[in-house]
Amino acid sequence: MSQPAKKGTKKAAKSVSASAKKPKGFTDEERAAMKERAQELKAEARRGADRAEGERAVLEKIAEMQGAERAMAKRLHAIISASAPALSPKTWYGMPAYAKDGKVVCFFQSAEKFQSRYATLGFSDQANLDEGVMWPTSFALKELTAAEEARIGALVKRAVS
């Protein structure tokens, strides 16, 4: 018996060169954030949960930001601190964050850090923002107006309730 002819078994030559492919894995920014997190964990283990040290670290991270993002981060820090004084400032993956009982509740991610088109105010699963079966956990920020500041203050209060 003869073998049936195989149709379409040749693979097409790849037209994309190896250097033009997108890199797989983590970006340089993501790797840097992971290294920062490792350093943060080591520092926290040495000093414990020191609120003053966490505040200093957050303010240092904010000071490293540029222009409008720095102003936005300063304002967010003030809003979050006033709305939820029980939250402890700390850094988390090199970002300003605010924790309850050592667990991050919310954080600010600058657009510059991850080369994004907008900054983000994010909430972790520790935040009490549950509303039905679906709710937002992060918000894009381009600027802060009085309306956004009021909404953020209310969200943060709700997140720690």
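Tabulated results
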quantity	calculated
Selected residue (only one of Glu55, Glu44, Glu40, Glu36 is surrounded by 12 or more Cβ atoms within 10 Å (Cβ to Cβ), at pLDDT below 90, in contact with a strand residue (DSSP E or B) (Cβ under 6 Å, 6 or more places away or on another chain) and not in a loop (DSSP other than H, G, I, E, B))	Glu40
Odd one out for Gly122, checked against (1) touching a strand residue (DSSP E or B) at 6+ places or on another chain (Cβ under 6 Å); (2) closer than 16 Å to Arg70 by Cβ	(2)
Residue, surrounded by the most Cβ atoms within 10 Å (Cβ to Cβ), within region 124-150, restricted to residues that are in contact with an Asp or Glu (Cβ under 9 Å, 6 or more places away or on another chain) and touching a residue at least 24 places away in the same chain (Cβ under 8 Å)	Leu141
Filter result for Ala159 (small (Gly, Ala, Ser), more than 14 Å from the chain's Cα centre (by Cα) and buried (at least 21 other Cβ atoms within 10 Å of the Cβ))	yes
All positions within region 90-140 that are touching a Phe, Trp or Tyr at 6+ places or on another chain (Cβ under 6 Å) and under 14 Å from Ala73 (Cα atoms)	Met95, Pro96, Ala97, Cys106, Phe107, Ala111, Leu121, Gly122, Ala140
Subset of region 101-123 [surrounded by 18 or more Cβ atoms within 10 Å (Cβ to Cβ), within 22 Å of Ala154 (Cβ to Cβ) and touching a Lys or Arg at 6+ places or on another chain (Cβ under 8 Å)]	Val104, Ala119
Exclusive hit being hydroxyl-bearing (Ser, Thr, Tyr), surrounded by 21 or more Cβ atoms within 10 Å (Cβ to Cβ) and within 18 Å of Thr120 (Cα to Cα), set Tyr98, Tyr93	Tyr98
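The values are calculated or read from the model by the stated rules, or taken from the named source; none is laboratory data. Everything quoted here is computed from the prediction, not taken from an experiment. Here Cβ is always computed from backbone atoms with ideal geometry, including for glycine, and neighbour counts include all displayed protein chains.
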